[in-house]
1. If the requirement is being under 22 Å from I113 (Cβ atoms) and not aromatic (F, W, Y), which of these qualifies: A6, A56?
2. For region 95-105, state whether one or more residues are assigned to a helix (DSSP H, G or I), among the polar types (S, T, N, Q) and under 21 Å from T20 (Cβ atoms).
3. Quick one: in region 20-48, which of the residues that are within 27 Å of the chain's Cα centre (by Cα) and of a type in the set (S, T, N, Q) is surrounded by the most Cβ atoms within 10 Å (Cβ to Cβ)?
4. Only one of (1) at pLDDT 90 or above; (2) at positive phi fails for A39. Which number is that?
5. Since R74 meets every condition but one in (1) surrounded by 13 or more Cβ atoms within 10 Å (Cβ to Cβ); (2) among the basic types (K, R); (3) under 15 Å from A6 (Cβ atoms), which condition does it not meet?
6. What number of residues within region 68-91 satisfy the criterion of being in contact (Cβ under 8 Å) with a residue 12 or more places away in the chain and in a helix (DSSP H, G or I)?
7. Among the candidates L66, L86, L101, single out the residue that is closer than 16 Å to L15 by Cβ and modelled with pLDDT of 85 or more.
8. Based on what the data block shows, is I123 part of a helix (DSSP H, G or I), modelled with pLDDT under 85 and either aliphatic (A, V, I, L, M) or touching a Ser or Thr at 6+ places or on another chain (Cβ under 9 Å) (or both)?
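The values are calculated or read from the model by the stated rules, or taken from the named source; none is laboratory data. Since the model is a prediction, treat every value here as computed from it, not as a measurement. Methodologically, a virtual Cβ is constructed for each residue, glycine included, from the backbone with ideal geometry; neighbour enumeration extends over all protein chains shown.
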Amino acid sequence: MRIWAAFGAALLLLLEALVTTVLALVLGLGIKRQNMSLAGLAPSGMALGVWVGLGALAGFLVLVALLLAFTGARRRAMGRPTRILLIVCAVLHALLAAVTLALSGVLAFVVLIVTLGFLVLLIQLGPAQPDAAPTPAR
């Protein structure tokens, strides 16, 4: 079950990274082509900020997706750094889901909550110990 959950979460994270990249491009171009400034900021500076911020978010999602794919392919337990990244990604998804529900709608919220469910499932499954022999009951 852990392998399929890892691959499912990796696939969802890659799709989210792709959507985030497209969103960054569209928002950045829209901001750059406007003729207004916000609190004295130039539109080119705001566009650069959108591209860098959402690009970093997409890069983080791809990193976590690759770690999950490698974990699923190796069929071994996750290490501590991978589990910490999963926890950070789960908290990020919870915050994004709350904001998305308020701003975008139910469909985007459901996608983020399903991804959050996969991440929490992977965190809760814990490390596998296939080589450990069961201890006899006394």
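1. Numbers: A56 fails: under 22 Å from I113 (Cβ atoms).
Going through A6, A56 in turn, the sole match is A6.
2. yes
3. Within region 20-48, the match that is surrounded by the most Cβ atoms within 10 Å (Cβ to Cβ) is T20.
4. Against the list (1) at pLDDT 90 or above; (2) at positive phi, A39 comes up short only on (1).
5. Single failed check for R74: (1).
6. Counting residues in region 68-91 that are in contact (Cβ under 8 Å) with a residue 12 or more places away in the chain and in a helix (DSSP H, G or I) gives 11.
7. Criteria check complete, one pass: L66.
8. yes
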